[in-house]
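Visitor: Could you have a look at this structure, given as structure tokens, before my questions?
The values are calculated or read from the model by the stated rules, or taken from the named source; none is laboratory data. Everything quoted here is computed from the prediction, not taken from an experiment. Cβ atoms come from the backbone with ideal geometry, glycine included; neighbour counts cover every protein chain shown.
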Amino acid sequence: MTERLQKFLARAGIASRRKSEVLITDGRVTVNGKTAQLGMSVSEDDTVAVDGQNVKKQGKTVTYMLNKPAGYVSTVSDEKGRPTVMDLVPKVAGLHPVGRLDLPSEGLLLFTTDGELTEQMTHPRYEHEKEYRVWCRQGALEAGALATLEQGIMLEDGPAKARVAKRAEGGCKVVITEGRKHQVRRMVAAVGCSVTRLVRTRIERLELGDLAVGSYRKLSAADFKRLGYTRKSES
């Protein structure tokens, strides 16, 4: 049985399908010692390498959720030597954060070795809901500011709006379906408020719950259903 090379790389936890296509296009992937071409297919008998390192055949996948503390970078490594979220989860080959939370932001962050899950959770076309609890220096947002967030705001990189914006003690609750850089902070700033704390509390129907700050747990079958994702293999 064969499959597209980019799907093979995604299933191995190397990168999402889109990013795997970039790796192939950039000539960083080889199949049986020869530079791979976009569109080719491979089987389990082929030897696939990225930047000269053989890709291990991926069988079972693993996915965790973390309650990210402030002060950690949401990358696998950091050129500035800052602590990364990888310091808080088990050392598993191919494990990577799904999306990101800003350095000062907190809350629900997923990690997986499943490139297909990464693709579904991060691609804009899936419009996955993400809920944030926001605290502001100015206190709880007024009705007019909440209405503006829901109606839409023009940011420097295009229009943005909250699917739901609710008043909360000290700030607001915001639900968005995008994941642009500093998006929630910029939206709140556009209605005249400055964020002092931001916590992601939910992705789709998967909630942070009572998971302690800095702690992680493995996702269950019920958790994957809450994300609306069907795993290709048991984790």
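Visitor: Among the residues of region 159-208, how many are closer than 12 Å to LYS130 by Cα, in contact (Cβ under 8 Å) with a residue 60 or more places away in the chain and of a type in the set (Ser, Thr, Tyr)?
Guide: 1
Visitor: Still on this structure: For GLU44, are the conditions met, namely being surrounded by 15 or more Cβ atoms within 10 Å (Cβ to Cβ) and either touching an Asp or Glu at 6+ places or on another chain (Cβ under 8 Å) or not assigned by TED's automatic domain parsing to the domain that holds VAL134 (or both)? Steps first, please.
Guide: On the way: surrounded by 15 or more Cβ atoms within 10 Å (Cβ to Cβ): no; either touching an Asp or Glu at 6+ places or on another chain (Cβ under 8 Å) or not assigned by TED's automatic domain parsing to the domain that holds VAL134 (or both): yes.
Spelling it out, it is not the case that GLU44 is surrounded by 15 or more Cβ atoms within 10 Å (Cβ to Cβ) and either touching an Asp or Glu at 6+ places or on another chain (Cβ under 8 Å) or not assigned by TED's automatic domain parsing to the domain that holds VAL134 (or both).
Visitor: Among ASP114, ASP157, ASP210, which is the only one that is of a type outside the set (S, T, N, Q) and under 19 Å from HIS96 (Cα atoms)?
Guide: Every option except ASP114 fails the conditions.
Residue-by-condition table, conditions (1) polar (S, T, N, Q); (2) surrounded by fewer than 20 Cβ atoms within 10 Å (Cβ to Cβ):
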{"position": "GLN37", "(1), (2)": "yes, yes"}
{"position": "GLY52", "(1), (2)": "no, yes"}
{"position": "THR63", "(1), (2)": "yes, no"}
{"position": "THR75", "(1), (2)": "yes, yes"}
{"position": "PRO83", "(1), (2)": "no, yes"}
{"position": "ASP87", "(1), (2)": "no, yes"}
{"position": "GLY94", "(1), (2)": "no, yes"}
{"position": "GLY99", "(1), (2)": "no, yes"}
{"position": "GLU106", "(1), (2)": "no, no"}
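Visitor: While we're here: With respect to the numbered conditions (1) assigned to a helix (DSSP H, G or I); (2) free of Cβ contacts under 8 Å to residues at least 40 places away in the same chain; (3) surrounded by 15 or more Cβ atoms within 10 Å (Cβ to Cβ), which one is the sole condition not fulfilled by SER20?
Guide: For SER20, the exception is condition (2).
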